[in-house]
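Taking it in order: structure first as structure tokens, then the write-up.
The values are calculated or read from the model by the stated rules, or taken from the named source; none is laboratory data. Keep in mind that what you see is a predicted model, and the values were worked out from it rather than measured. Positions of Cβ are generated from backbone atoms using ideal geometry, with glycine treated the same way; all protein chains shown enter the neighbour counts. Side chains are part of the model used for accessible areas, which takes the heavy atoms of the whole protein and leaves out ligands, DNA and RNA. Shrake-Rupley method; radii C 1.70, N 1.55, O 1.52, S 1.80 Å.
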Amino acid sequence: MPHCIIEHSTTLCGDKIVPLVFAGALNSLLFEADGSDIKVRAISYDSYQTGDQKADFIHIVVKILSGRSADKKRRLSEQVMEQLEKLEVSECSVTVEIVDIERESYLKIVR
């Protein structure tokens, strides 16, 4: 588990961002050691506004099952951000958000 959802401006390459987010989640040591439970996907946006101009952005939402401490969530954010800092981008807003998924209502099926 986590579900890592990358939202970014179309001027940035999602194929470069995806492996960095994967590495950050893996480096957090909160998930399977081989990364088999980490899911990462990217959505690019043509239509957006950032303040009074159109500036590049990357926003990562990492959805994890509830129950982890604030310290573990912070470590996850920091590890993902550390990887994103490897991107050679300028004038780009980069944010990471950790969101709890309620264990009681989450369902999963693999066929």
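Within the range 62-78, being open to solvent by 20 Å² or more (accessible area, probe 1.4 Å), closer than 21 Å to Ile43 by Cα and not hydroxyl-bearing (Ser, Thr, Tyr) holds for one residue alone: Lys63.
When Glu88 is tested against (1) in contact (Cβ under 8 Å) with a residue 60 or more places away in the chain; (2) over 11 Å from the mean Cα position of the chain (by Cα), only condition (1) is not met.
Counting just the residues of the range 49-90 that are assigned to a loop (DSSP other than H, G, I, E, B) and basic (Lys, Arg), which one comes out nearest to Ile17 (Cα to Cα)?
Lys86
The C-beta contact set for the range 38-53 (first residue over 26 Å from Gly24 (Cα atoms) and open to solvent by 50 Å² or more (accessible area, probe 1.4 Å), second residue at pLDDT below 95 and polar (S, T, N, Q), distance under 9 angstrom, 6+ apart or interchain) is empty. Of all the residues in the range 2-34, those that are surrounded by fewer than 16 Cβ atoms within 10 Å (Cβ to Cβ), part of a loop (DSSP other than H, G, I, E, B) and either within 14 Å of the chain's Cα centre (by Cα) or of a type in the set (A, V, I, L, M, F, W, C) (or both) number 3.
Mind checking whether some residue in the range 54-76 is hydroxyl-bearing (Ser, Thr, Tyr) and more than 24 Å from Leu107 (Cα to Cα)? Before the answer, list the steps.
Kept after step one, since they are hydroxyl-bearing (Ser, Thr, Tyr), are these residues of the range 54-76: 66, 69.
Applying the additional criterion that residues be more than 24 Å from Leu107 (Cα to Cα) yields none.
So far as the range 54-76 goes, no, none of its residues is hydroxyl-bearing (Ser, Thr, Tyr) and more than 24 Å from Leu107 (Cα to Cα).
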